[in-house]
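Undergrad: Dumping the structure here so I can ask a few things about it.
Read the figures in this text as sums done on the coordinates, not as results from a lab. Source: prediction; values computed, not measured. So basically every Cβ, Gly included, is an ideal-geometry build from the backbone, and we count neighbours across all protein chains shown.
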Amino acid sequence: YDVAFAGVSNTDSVARSLPQLAKFLAFPTTIFLDKKGNVRKINTGYSGPGTGKYYQQEIDGFNQEIDKLLKE
């Protein structure tokens, strides 16, 4: 998957890199785009391996969203 690094954990850095993102809430933020470049979903935060079942839900949800977009 293509990734855009918008800077360090600093809202000023994000504002310079992604000025169209009006309300930045958390790191990491994943912006899912369709094939035409339209924003389809924004996901903030992350449930890591230490969160047990929530980690697996995070991974499953991410993969489902990607698979759905790739099928369009």
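Undergrad: In what sequence do 29, 44 fall when counting other Cβ within 10 Å, fewest first? It would help to have the intermediate numbers written out before the result.
TA: Working: 29 16, 44 12.
Listed from fewest to most nearby Cβ atoms, that is 44, 29.
Undergrad: So for the pair residue 20, residue 40, with labels modelled 7 Å out along Cα→Cβ, what separation do we get in nm?
TA: Going from the residue 20 label point to the residue 40 one covers 1.6 nm.
Undergrad: Hey, fewest Cβ within 10 Å first, where do 35, 41, 23 land in order? Display every interim value, and only then the final one.
TA: Values: 35 8, 41 13, 23 5.
Ranking 35, 41, 23 by Cβ neighbours within 10 Å, fewest first, gives 23, 35, 41.
Undergrad: Then there is this: Would you mind working out the magnitude of the charge dipole of the chain relative to its Cα centre, with +1 at each Lys and Arg C-beta and -1 at each Asp and Glu C-beta, to the nearest 20 Debye?
TA: Working: 9 positive and 8 negative charges, 40 e Å.
Dipole about the Cα centre, nearest 20: 180 debye.
Undergrad: Let me ask something else about it. Would you please give the residues with an amide H less than 5 Å from that of residue 40, counting only those at least 5 places away or on a separate chain, with H modeled from the backbone geometry?
TA: Result for residue 40 returns 32, 33, 34.
Undergrad: Hey, if you drop one equal point scatterer on each alpha-carbon of the chain and run the Debye formula without solvent, what base-10 log of I(q)/I(0) do you get at q = 0.13, 0.22, 0.28 Å⁻¹?
TA: Cα-only, vacuum Debye calculation for the chain: -0.44, -1.09, -1.30.
Undergrad: For the chain, what does -39500 (n - 2.57) per DSSP helix run (n ≥ 4), summed and divided by total residues, give at 222 nm, in deg cm²/dmol to the nearest 500?
TA: On the way: 2 runs with 26 residues, N = 72.
When only DSSP H runs of four or more count, the value is -11500 deg cm²/dmol.
Undergrad: Please list, or write none, the aspartates and glutamates whose alpha carbon is within less than 17 Å of the alpha carbon of residue 36, excluding same-chain residues fewer than 8 places away.
TA: Output for residue 36: 2, 65, 67, 72.
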